[in-house]
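Each remark here refers to the structure printed beneath this line.
The values are calculated or read from the model by the stated rules, or taken from the named source; none is laboratory data. The model shown is predicted, which means the values in this text are computed figures rather than measured ones. Cβ coordinates were reconstructed from backbone atoms using ideal geometry, including for glycine residues, and neighbour counts include every protein chain displayed.
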Amino acid sequence: MTYHQANYDEKLLNEYRSGNDFKFQNFDEKSLPENLLRKNLRLPSIAEYDVIRHYTRLSQMNYCVDLGIYPLGSCTMKFNPKFADKIASLTEFNSIHPNQNEKTIQGTLQIMYELQENLKEISGMERVSLQPLAGAQGEYTALLIIRKYLENSGMHDRDEIIIPDSAHGTNPASATMAGFSVIEIPSDSNGGIDIDALKAAIGPKTAAFMITNPNTLGVFEPKIKEIASLIHSSGALLYYDGANFNAIVGVTNPGKMGFDLVHFNLHKTFATPHGGGGPGAGPIAVSKKLMDFIPSPFVDRKGETYFFNYNVSNSIGKISSFNGSFINLLRAWAYMRYHGKDGMYRNTLRAVMNANYISAKLKGEYESVSGDLKKHEVVVSSENRGKRALDIAKYLINNGVHSPTIYFPLIVHEALMIEPTEDVSVDDLDRYCQLMIYALHSENSYLESLPNALPITRANEVKAAKDMILRW
Amino acid sequence: MNDSEQHILETLKIDTAEKLFSDIPNDLKVSLTKIPNGITEMELLSEAVRIARKNKVGNINFLGNGIYDRFIPSSVDSILGRSEFLTAYTPYQPEMSQGMLQALFEYQSLICELTEMDFTNSSMYDGATALGEAMRMAYRINGNKKVLLPENILKSHLSVLQNYGSGINPVFEFYKLDATSGEIDIQDLKSKITEDNCCIIVYNPNCYGIIESKIDEINSFKGNSILIYYYDPVSLGVLKSPGELGADIAVSDGQGLGISQNFGGPTLGLFSFRKEYVRKSPGRIIGKTMDKDGKDAYVMTLQTREQHIRRDKATSNICTNQALLSIASSVYLAIVGSNGLKNIALSNFSKAKLLQKKLEKISGVDPYIFKGIFFSDLVVSIKTNNNLEEELLKNGIMGGKTTKELLYISPAKNIKTFFFSVTEKKTEDELDLLAKTLEVVK
């Protein structure tokens, strides 16, 4: 296959000269005092047909999951079902104002209620808040809950969060943002929790331990119950980073493992489209002892009537303007309703099968990191063959498939972190692995010349940071 | 189990997929019970429509206070529906994602034009969280803790600010609004500024819906304080910009720029600032550079401020943002253009004024308790013992939230005040109907 991405040398919006053709009634600005008025506004003057052509061309210079495999590790780029687009476009859902009377939004509240119930079941937790707008905000919300819970329990001086060195960057960032100090502990050779290091880190100041399980090497932490009891007996809380939830839906859950708080990434596990970087949705779920600390309100039901329940006695308050990223919540609801418990379980199995298949296919070529048994993702290193992960990535994109996450987790040199998800055929997995192996056997000088089938060759990122051209 | 799955199992030399979970101890295994089995697409769509119909649509909408029923050109949804944008991830491989990166660079540029600020990041979650991040950024700039806020701030914004203050422990102090004009009491604000001030938060239009006429005076006495300016992006079609009025950081919610009401989410957090503070700023930023052959190229830049590089020393924990919605706002601004946005803004002013005229004739109703100029939200005092919101709804009208419910401090204690919000979409007939209905139900 010879791949070439569309390349239009597309000019910037403000370089168009076709002239604005928007029709609207004219009003006289003399109705306002002159001292309030701006002197000029310099938006582009471009005809509607050119706006559409401009953005259509730009769209064609962009890879997406509708074009093929997008196996960014920890990002869970699964197929975004089109029924969810259709449901999200219903006027009855997207034309609703957040301050509407509850009598007029019973459908919206029902969706939120059912989603809360589903997330409770999937996480094994007691109460859900749909308010956080993304995974990182879910983490931050959970940390605020941890803080308030500790304060209410007379444990004000617990201000340390323990985080493994393999964690997602948002974990330490959220923890410091919430006012905690971060204690980083090393992983063992398998990428798992080093129990001795954890024991050494736990102390009277420990507020919580934040981990993801399976970890960022795609390996399930077998000692999780021992870890949970270590944390709990010290008086601290255990936090579950839900970025890797796709490995465990319907198989195990954070509640069972002993976690106290969880965040979800609906744009990962439940297939809501990621829009080139967002929007996401990052609901949280908490155990019984934290139920009264979540953001207020949550959705409740009395008979057949749904309502906002503001009765959250120790609520941290609000974390975003309104009640969460509703359209994403709706899409996630649709995914869950369509697949159901049987389909979601099958998706988990297939996602893990696909990751293990990739691992098996790359074995003997790439250096394998951690043991043979993977969950939803696999991390390999190209260091053994003297190849840079960046160069492998450029080879892949030059062949019309997206690269894995590279240089993460930080504990692996020349890391390539591959998460195929359940939505890839065996033929596509074979082709992907073949490309990865071809890349490994290519000359470095050739790899460094790539890409050459895309609109640009390698972009100079150092120059971008130095020049700081951030607008036209 | 289909052929492909059989092939995978054979390759892995196992007989069932469950074997891949042998590393999970049996006592941790669960199965979902309460969630029903899956259904067909045909069943799903009819169920979704059935639930959707439980929502009542078709009422006349006079709700506002942050989310507005504005006109959206058809082209916006047409572009947003393109799966190349909709189903893409963050552009981690710039060579393969130039389209998205250029679109985001243009978004940053458009918002800079609109606000006349130096730089804009490639989006925050929503208006309230953008405000929270602005406060944290101000703290990073001057290290001070005292935050001056208007006493009529939205309760929801105040709560988000309190939560975004975690770890920096800001001290909130509220400045007054003038009881006659409904504008900032500049003297009161001035008297509260001390040497250790972190930032001054101003809203324009303010949380009563009134346009501030004296913001530029703040510059003469603000000292080292960071001026955080919360604007309405549509109003900037005609009003002086935050940049011109001396804002250091300008934030808002971009919902009015081509985004459906969506029950409040997703929307778009707009975040702009002065050039010199760029390294203290939160969030993703797109920069222009060149490729190896000297061709223009766009990349995510200044990433050493961000969580995936800087971890616990990052300026913010934000990762996922609202990229798709920033494209919505770009398409909107490109379609309506400078003149279109000006007329849309003027239409709001004109309709707010017209509504005041319609209401002034009703006894017990006073739309002029404040002398200031209203943009979209309008505070009206009404003598009533009824639950107006409920009564209006019976007549097909949504609106009439009390100021007490939404604002930290309401205008005055001895009168009842309510919000009614207009947009360019409201017709004179609808304003007449509101007036007529109020006369009956108050």
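The listed residues are B:225, B:159, B:220, and the only one of them that is farther than 25 Å from residue B:116 by Cβ, among the small types (Gly, Ala, Ser) and modelled with pLDDT of 95 or more turns out to be B:159. With respect to (1) in contact (Cβ under 8 Å) with a residue 60 or more places away in the chain; (2) within 30 Å of residue A:196 (Cβ to Cβ); (3) of a type in the set (Ser, Thr, Tyr), the lone exception for residue A:153 is condition (1). Across the range B:211-270, the qualifying residues are those that are without any contact (Cβ under 8 Å) to a residue 60 or more places away in the chain and under 20 Å from residue B:139 (Cβ atoms), and the one among them that is surrounded by the most Cβ atoms within 10 Å (Cβ to Cβ) is B:229.
Residue A:206 meets all of the listed conditions (1) modelled with pLDDT under 95; (2) closer than 22 Å to residue A:148 by Cα but one, namely (1). All told, residue A:211 meets the bar of being touching a residue at least 40 places away in the same chain (Cβ under 8 Å), more than 14 Å from chain B (Cβ to nearest Cβ) and touching a Leu at 6+ places or on another chain (Cβ under 9 Å). Quick check on residue B:331: is it farther than 20 Å from residue B:94 by Cβ, among the β-branched types (Val, Ile, Thr) and in contact with a Gly (Cβ under 7 Å, 6 or more places away or on another chain)? So residue B:331 passes the test.
Here the range A:402-421 is the region considered, the condition is being surrounded by 22 or more Cβ atoms within 10 Å (Cβ to Cβ) and in a loop (DSSP other than H, G, I, E, B), and the residue that is modelled with the lowest pLDDT is A:409. Among the residues of the range B:132-147, those that are outside any helix (DSSP H, G or I) and either within 14 Å of chain A (Cβ to nearest Cβ) or surrounded by 24 or more Cβ atoms within 10 Å (Cβ to Cβ) (or both) comprise B:145, B:147. Condition test on residue B:188, is it free of Cβ contacts under 8 Å to residues at least 24 places away in the same chain and either more than 19 Å from the chain's Cα centre (by Cα) or crowded, with 19+ Cβ neighbours inside 10 Å (or both)? For residue B:188, the condition - free of Cβ contacts under 8 Å to residues at least 24 places away in the same chain and either more than 19 Å from the chain's Cα centre (by Cα) or crowded, with 19+ Cβ neighbours inside 10 Å (or both) - is met. Across the range B:50-77, the qualifying residues are those that are more than 7 Å from every other protein chain (Cβ to nearest Cβ) and either in contact with a helix residue (DSSP H, G or I) (Cβ under 6 Å, 6 or more places away or on another chain) or part of a helix (DSSP H, G or I) (or both), and the one among them that is surrounded by the fewest Cβ atoms within 10 Å (Cβ to Cβ) is B:74. Among the candidates A:370, A:445, the residue that is among the small types (Gly, Ala, Ser) and either assigned to a loop (DSSP other than H, G, I, E, B) or assigned by TED's automatic domain parsing to the domain that holds residue A:252 (or both) is uniquely A:370. Criterion applied to A:11, A:30 was being among the charged types (D, E, K, R) and under 27 Å from residue A:278 (Cβ atoms), and the one residue passing it is A:11. Of all residues in the range B:26-36, those satisfying the criterion of being facing another protein chain (nearest Cβ under 7 Å) and either hydroxyl-bearing (Ser, Thr, Tyr) or surrounded by 12 or more Cβ atoms within 10 Å (Cβ to Cβ) (or both) are B:28, B:29, B:30, B:31, B:32, B:35, B:36. Annotation: residue A:46 fulfils all but one of (1) more than 23 Å from residue B:322 (Cβ to Cβ); (2) within 8 Å of another protein chain (Cβ to nearest Cβ); (3) in a helix (DSSP H, G or I); (4) among the hydrophobic types (A, V, I, L, M, F, W, C); the unmet one is (3). Inspection of the range A:250-263 finds a residue satisfying the criterion of being surrounded by 24 or more Cβ atoms within 10 Å (Cβ to Cβ), under 30 Å from residue B:121 (Cα atoms) and in the same structural domain as residue A:211 (by TED's automatic domain parsing). Could you list all residues from the range A:55-109 that are part of a strand (DSSP E or B) and β-branched (Val, Ile, Thr)? A:105, the sole residue that qualifies.
For the range A:57-72, the set of residues classified as at the interface with chain B (Cβ under 7 Å from one of its Cβ atoms) and within 30 Å of residue A:23 (Cα to Cα) consists of A:58, A:59, A:60, listed by residue number.
Here is a yes/no grid of residues against (1) over 21 Å from the mean Cα position of the chain (by Cα); (2) on the phi > 0 side of the Ramachandran plot; (3) among the charged types (D, E, K, R); (4) surrounded by fewer than 19 Cβ atoms within 10 Å (Cβ to Cβ):
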position	(1), (2), (3), (4)
A:393	no, no, no, no
A:396	yes, no, no, no
A:425	yes, no, no, yes
A:432	yes, no, no, no
A:437	yes, no, no, yes
A:458	yes, no, yes, no
A:467	yes, no, yes, yes
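For the range B:118-137, indicate whether the set of residues that are aliphatic (A, V, I, L, M) and out of contact with any helix residue (DSSP H, G or I) (no Cβ under 8 Å at 6 or more places or on another chain) is non-empty. The answer is yes, given that some residue of the range B:118-137 is aliphatic (A, V, I, L, M) and out of contact with any helix residue (DSSP H, G or I) (no Cβ under 8 Å at 6 or more places or on another chain). Could you please let me know if residue A:370 is farther than 24 Å from residue A:269 by Cβ, surrounded by fewer than 22 Cβ atoms within 10 Å (Cβ to Cβ) and more than 9 Å from every other protein chain (Cβ to nearest Cβ)? No, not satisfied. Checking the stated criteria, residue B:15 turns out to be in contact with a helix residue (DSSP H, G or I) (Cβ under 7 Å, 6 or more places away or on another chain), part of a loop (DSSP other than H, G, I, E, B) and farther than 30 Å from residue A:111 by Cβ.
Yes/no matrix, rows are residues, columns are (1) surrounded by fewer than 21 Cβ atoms within 10 Å (Cβ to Cβ); (2) not assigned by TED's automatic domain parsing to the domain that holds residue B:97:
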site: B:325; (1), (2): no, no
site: B:350; (1), (2): yes, yes
site: B:353; (1), (2): yes, yes
site: B:359; (1), (2): no, yes
site: B:366; (1), (2): yes, yes
site: B:369; (1), (2): yes, yes
site: B:376; (1), (2): no, yes
site: B:403; (1), (2): no, yes
site: B:422; (1), (2): no, yes
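Take residue A:458 and decide whether it is facing chain B (nearest Cβ under 9 Å) and in contact with a Cys (Cβ under 6 Å, 6 or more places away or on another chain). Judged against the criteria, residue A:458 is not a match. State whether the residues of the range A:90-101 include one that is in contact (Cβ under 8 Å) with a residue 24 or more places away in the chain and more than 7 Å from chain B (Cβ to nearest Cβ). Within the range A:90-101 (the criterion being in contact (Cβ under 8 Å) with a residue 24 or more places away in the chain and more than 7 Å from chain B (Cβ to nearest Cβ)), the answer is no, since none of the residues qualifies. Selection of first residues in the range A:310-337 that are within 26 Å of residue A:151 (Cα to Cα) and more than 7 Å from chain B (Cβ to nearest Cβ) and of second residues that are of a type in the set (Asp, Glu) and part of a helix (DSSP H, G or I), restricted to Cβ pairs under 8 Å at least 6 apart or on distinct chains, gives the following pairs, ordered by first then second residue: A:312/A:292; A:313/A:292; A:314/A:292; A:315/A:292. The residue that is surrounded by the most Cβ atoms within 10 Å (Cβ to Cβ), among those in the range B:9-21 that are at the interface with chain A (Cβ under 7 Å from one of its Cβ atoms) and under 47 Å from the mean Cα position of the chain (by Cα), is B:20.
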